[in-house]
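Report on the structure given below.
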Amino acid sequence: MNEVLLLITAALWGFAFVAQRKGMESLDAFSFNAMRFALGAVVVRLALFRSFRDQSKIVWQLGVLLFFAAAFQQVGIIYTSAGSAGFITGLYVLFVPLFGLWRGQKLELKTSIAIALSLGGLYLINSGAELETSIGNLLVFISAIFFALHMQLVDKYSKLHPAGVLAFSQFTVASLLSVLAAILQRLFLGGVSLSGFISGSRQALIPILYGGIFSAGIAYTLQIKAQQKAAPSAAAVIMCLEGVFAMIGGALLLSEKVSLQALGGALLLLIAMILVSFQRNMLTKKPD
């Protein structure tokens, strides 16, 4: 069951790359994130209202990490190619187990092999991403670190709070921080007028709806639910399949061509997922 939840999460995140790219055509990164996370919070609160009985605490730590991860990624995409951004973001599959070692988590041999396969698959899917030094690649690299820290923190807090409470908390905090960042950006760097913002929001309505309802509200909540029982390193390998779904989304919705090299990368990621899925103890956390 954990594999299915993680696979759905990867699919929703993968197609979200298309929504993010379209949304950025008419909105700045912080405004887009603010609206999609706010919508995600509303969706979770309405759909999982029973989770909030006798639960008034906001777990702010997840929201802070999610804000920085999403912000660095969104801004970084502006200054680098989609291929580089896709590959570098996927490096969280390497950082998650590294941070796990610091928390005392063991790294199994098959997990290590699956991680290596995932990195190779991500590289091929993103057409041999150009990894030259650039501000965009640096920002996306930082986002990958924050995404890995977020996954490890989800592993910690999912033992202590209901999935709905954690999801609502992180979306609320990430949205508020994004609003603050958008205001500061306009004050110090300038930006579009109010009428321009409203017009841009209308143009980005579909990407915002997808990003808020599916990518945030549903996908991140499923991630938290799955990580209540799934080991972080194995979960990261399966969620790397978002690269495959991003490729499919680009082909179906943006008419992007899919090369044989990219198909080979998808195959490597599929093998990595099968490797961790069939070793049941890797997808099940041992009792503390």
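The values are calculated or read from the model by the stated rules, or taken from the named source; none is laboratory data. Quick caveat: nothing in here was measured; it's all calculated off a predicted structure. For neighbour counting, all protein chains shown are included, and Cβ atoms are generated from backbone atoms with ideal geometry for every residue, glycine included.
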Within the range 230-243, the count of residues that are surrounded by 24 or more Cβ atoms within 10 Å (Cβ to Cβ) and part of a helix (DSSP H, G or I) comes to 9
By residue number, the members of the range 177-191 that are without any contact (Cβ under 8 Å) to a residue 40 or more places away in the chain and on the phi < 0 side of the Ramachandran plot are Leu180, Ile183, Leu184, Arg186, Leu187, Phe188, Leu189
In the range 6-45, anything within 24 Å of Ala230 (Cβ to Cβ) and not small (Gly, Ala, Ser) is listed as Leu6, Leu7, Ile8, Thr9, Leu12, Trp13, Phe15, Phe17, Phe37, Val43, Val44
Looking across the range 244-258 at residues that are surrounded by fewer than 24 Cβ atoms within 10 Å (Cβ to Cβ) and small (Gly, Ala, Ser), the single one that is nearest to Tyr210 (Cα to Cα) is Gly249
If you go through Asn126, Asn137, the only one that is in contact with a Phe, Trp or Tyr (Cβ under 9 Å, 6 or more places away or on another chain), modelled with pLDDT under 95 and either crowded, with 22+ Cβ neighbours inside 10 Å or among the charged types (D, E, K, R) (or both) is Asn126
Could you tell me whether the range 44-56 includes any residue that is at pLDDT 90 or above, crowded, with 22+ Cβ neighbours inside 10 Å and closer than 17 Å to Ala182 by Cα? no
Lys106: passes all of (1) surrounded by 21 or more Cβ atoms within 10 Å (Cβ to Cβ); (2) free of Cβ contacts under 8 Å to residues at least 24 places away in the same chain; (3) charged (D, E, K, R) but (1)
From the option list Ser158, Ser201, single residue qualifying as in contact (Cβ under 8 Å) with a residue 24 or more places away in the chain and within 20 Å of Gly23 (Cβ to Cβ) is Ser201
Any residue in the range 24-38 that is surrounded by fewer than 18 Cβ atoms within 10 Å (Cβ to Cβ), in a helix (DSSP H, G or I) and either modelled with pLDDT under 90 or out of contact with any Lys or Arg (no Cβ under 9 Å at 6 or more places or on another chain) (or both)?
-> no
Within the range 163-189, residues buried (at least 23 other Cβ atoms within 10 Å of the Cβ) and either touching an Asp or Glu at 6+ places or on another chain (Cβ under 9 Å) or within 15 Å of Phe32 (Cβ to Cβ) (or both) come out as Phe171, Ala174, Ser175, Ser178
The residue that is farthest from Gln74 (Cα to Cα), considering only those in the range 147-162 that are surrounded by fewer than 22 Cβ atoms within 10 Å (Cβ to Cβ) and not charged (D, E, K, R), is Leu160
Only one of (1) touching a Ser or Thr at 6+ places or on another chain (Cβ under 8 Å); (2) surrounded by fewer than 21 Cβ atoms within 10 Å (Cβ to Cβ); (3) β-branched (Val, Ile, Thr) does not apply to Val192, and that is (1)
Next on the checklist: Whether any residue in the range 187-207 is closer than 22 Å to Ala69 by Cα, modelled with pLDDT of 85 or more, under 22 Å from the mean Cα position of the chain (by Cα) and not in a helix (DSSP H, G or I) is what I want to check.
Outcome noted: yes
If you check Phe17 against the conditions, is it at pLDDT below 80, crowded, with 19+ Cβ neighbours inside 10 Å and not polar (S, T, N, Q)? yes
